Amino acid sequence: MFTGIIKAKGTITALNRQDGDVRLTVSSEGLPWSEYELGDSIAVNGVCLTAVALHAQGFDTDVSVETLNVTALGKLDVGSDVNLEPAISLGERLGGHLVSGHVDCVGKVISRTFDARSVRLSVEIPPEYAHYVAKKGSVCIDGVSLTINEVSGNCFELNIIPHTAAVTILDDYVVGTLVNVEVDLLARYLERLLSKDGDNISLDFLKAHGYAR
């Protein structure tokens, strides 16, 4: 599990295609790599990946065909900057929201404007995912936990404060940038509860268990 609070930015320093898969080498001076072990989970732009090799300045990871098909990692190249977050440990502060590192869909930045000292982004997602996002709800964009300001159809707006812009790759976004989107875990479970498999779930039940007011 992750929190959506980015620990460091990294750079893709090597990219090797192997029988359809891709092995990435990610380098960063912002993390104590000697403290990590083979097999550790590290989120790269919000995608949970496994460290298959460690070196003094970073790690190697394999990206499967499935992951390439359902995320924006296939757009990375040597020199691309990425957001990095190692998996959380028990007892750590949960500064963002619980994030699984399992990307739901790929979104596209459709506008970028300034809002005082912040940047406001509008992101478009596939229509079938629109019901997962809500005003003032949480969403994870390329591994960054963010609050949704407004929702319109299958688009939503985000406000990027100067600190977030400085410590993540979000400040590099332009119109047309593709991003990994993970919706709030709560939205997934609520959908399941209210699906045909949850015919016995009522509003009273949801209120009693803290899912509604």
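The values are calculated or read from the model by the stated rules, or taken from the named source; none is laboratory data. The shown structure was predicted, so the numbers you read here are calculated from the model rather than taken from an experiment. Quick reminder, even Gly has a Cβ in these numbers, built from the backbone with ideal geometry, and neighbours come from all protein chains shown.
Please count how many residues of the range 31-53 are part of a strand (DSSP E or B) and surrounded by fewer than 16 Cβ atoms within 10 Å (Cβ to Cβ).
Number of matching residues: 3.
Go through the range 18-67 and give me each residue that's on the phi < 0 side of the Ramachandran plot and among the small types (Gly, Ala, Ser).
Of everything in the range 18-67, those that are on the phi < 0 side of the Ramachandran plot and among the small types (Gly, Ala, Ser) turn out to be Ser27, Ser28, Gly30, Ser34, Ser41, Ala43, Ala51, Ala53, Ala56, Ser64.
Which count do you get for residues in the range 140-169 that are under 20 Å from Asn45 (Cβ atoms) and without any contact (Cβ under 8 Å) to a residue 12 or more places away in the chain?
Of the residues in the range 140-169, 2 are under 20 Å from Asn45 (Cβ atoms) and without any contact (Cβ under 8 Å) to a residue 12 or more places away in the chain.
Filter the range 158-198 for residues that are under 12 Å from Tyr132 (Cα atoms), among the hydrophobic types (A, V, I, L, M, F, W, C) and crowded, with 19+ Cβ neighbours inside 10 Å and give the result.
Result: Val181, Val183.
Of the conditions (1) touching a Gly at 6+ places or on another chain (Cβ under 6 Å); (2) surrounded by fewer than 17 Cβ atoms within 10 Å (Cβ to Cβ); (3) not aromatic (Phe, Trp, Tyr), Ser28 clears all except one; give me its number.
With respect to (1) touching a Gly at 6+ places or on another chain (Cβ under 6 Å); (2) surrounded by fewer than 17 Cβ atoms within 10 Å (Cβ to Cβ); (3) not aromatic (Phe, Trp, Tyr), Ser28 is out only on (2).
Can you tell me which residues in the range 1-30 are in the same structural domain as Lys75 (by TED's automatic domain parsing), in a loop (DSSP other than H, G, I, E, B) and over 21 Å from His163 (Cβ atoms)?
Asp19, Gly20
Which is of a type outside the set (Ser, Thr, Tyr), without any contact (Cβ under 8 Å) to a residue 40 or more places away in the chain and either under 26 Å from Gln18 (Cβ atoms) or surrounded by fewer than 17 Cβ atoms within 10 Å (Cβ to Cβ) (or both), of Gly101, Gly91? Let's see the steps before the verdict.
Working: Gly101 fails: without any contact (Cβ under 8 Å) to a residue 40 or more places away in the chain.
None of the others qualify; the one that does is Gly91.
Of all residues in the range 5-25, which are of a type in the set (A, V, I, L, M), more than 18 Å from Val179 (Cβ to Cβ) and within 19 Å of the chain's Cα centre (by Cα)?
Passing the criteria: only Ala8.
Those residues that are among the hydrophobic types (A, V, I, L, M, F, W, C) and surrounded by 17 or more Cβ atoms within 10 Å (Cβ to Cβ), I need them from the range 131-145; list them, please.
Result: Val133, Val139, Cys140, Ile141, Val144.
Go through the residues of the range 147-157 one by one and say whether even a single one is in contact with an Asp or Glu (Cβ under 8 Å, 6 or more places away or on another chain), among the acidic types (Asp, Glu) and loosely packed, with under 13 Cβ neighbours inside 10 Å.
For the range 147-157, residues in contact with an Asp or Glu (Cβ under 8 Å, 6 or more places away or on another chain), among the acidic types (Asp, Glu) and loosely packed, with under 13 Cβ neighbours inside 10 Å: absent.
Name the pairs: first residue in the range 124-139 and within 20 Å of Ser100 (Cβ to Cβ), second residue assigned to a helix (DSSP H, G or I), Cβ to Cβ under 7 Å, at least 6 apart or on different chains?
Here the result reads Tyr132/Ala187, each pair linking the range 124-139 to a residue that is assigned to a helix (DSSP H, G or I).
Can you find a residue in the range 76-85 that is modelled with pLDDT under 95, surrounded by fewer than 18 Cβ atoms within 10 Å (Cβ to Cβ) and either among the acidic types (Asp, Glu) or under 23 Å from Thr11 (Cβ atoms) (or both)?
no
Identify the single condition in (1) touching a residue at least 60 places away in the same chain (Cβ under 8 Å); (2) more than 16 Å from Leu170 (Cβ to Cβ); (3) of a type in the set (Ser, Thr, Tyr) that Ser34 does not satisfy, given that it satisfies every other one.
(1)
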